[in-house]
Structures are given as structure tokens and as C-alpha cells.
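The values are calculated or read from the model by the stated rules, or taken from the named source; none is laboratory data. Note that the structure is predicted; figures quoted are calculated from it, not measured. Glycine gets a Cβ as well: all are built from the backbone with ideal geometry, and neighbour counts include every protein chain shown. Keep in mind that these areas ignore ligands, DNA and RNA; they rest on the heavy atoms of the full protein, side chains included. Shrake-Rupley method; radii C 1.70, N 1.55, O 1.52, S 1.80 Å.
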Amino acid sequence: MKFSKMICGLLFCLCFFSVVSTTNAKRLSSEELIDGCSSLVEILESKDEILSIISDISQADAMRAGVCRGALEEYARVNHCRGSLKNRASVISEEFNVGKSYQQLLKNTCW
């Protein structure tokens, strides 16, 4: 459990610092959030096989998962949301209506 939290934290930090370091960072689209949350769910579901997932996951998937985690955690902090990270990421990853905005997707995870 501690190891998987450490890996997720490391992925988040890697993603956070790379996003902050870019000078012309763009606002995340709803499609990118859905892709990122799909990657995060995949990582969280494979946490029992964490050593194999580390070697199999691409840097792009890790970055997308970190962006999703950061967005979910910040939205939950500000809006006092409940529910596990995995459940909230699953809500977004199962979203097929890409017409929804980034904020609408996050709002759907808050209960």
C-alpha cells in the first residue's frame, strides 16, 4: 500500500513539475482528462503487480495519470468531495460524452 502511494506520488510530482516548467502550458481539454483518468484507473487496478506496471507503463501514460490525479485531488480539496481516487477517476474514464467541459467532468465526481 505504501509503495503504491509512493509511486502515485512520484508520478504526480513528475507530472506537476513538468507542467509548471512549461511556459505556454495550455488548459487541459475534457478529452485529455478522460484519457488521463483512464490511465490512472489502469495503474490503480494493477497496483498488486506494481513492479510489472512500472516497466510496462509509458511516460505519456504516467504523465496523463498524474494530471488526472492532480486535477481530482485539487478539485476534491476545494470542493470537499468524498470518495476514493479510483472511484472518482473511474467516473471520468467511463465518460464518453466528450462534449462536456473539463469542469463538468470534475463536478460529476464530487459527491
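Tabulated results
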read-out: Output for the stretch 57-81, where each listed residue is exposed (fewer than 12 other Cβ atoms within 10 Å of the Cβ) and β-branched (V, I, T); value: V78
read-out: Qualifying residue in the stretch 71-81 (condition: part of a loop (DSSP other than H, G, I, E, B), of a type outside the set (A, V, I, L, M) and either under 14 Å from the mean Cα position of the chain (by Cα) or modelled with pLDDT of 90 or more (or both)); value: yes
read-out: Residue ID - modelled with the highest pLDDT, chosen from residues in the stretch 87-111 that are open to solvent by 40 Å² or more (accessible area, probe 1.4 Å) and basic (K, R); value: K107
read-out: Filter pass, S84 being modelled with pLDDT under 90, open to solvent by less than 80 Å² (accessible area, probe 1.4 Å) and out of contact with any Cys (no Cβ under 6 Å at 6 or more places or on another chain); value: no
read-out: Meets criteria (open to solvent by less than 90 Å² (accessible area, probe 1.4 Å), assigned to a helix (DSSP H, G or I), of a type in the set (V, I, T) and at pLDDT below 60) for V19; value: yes
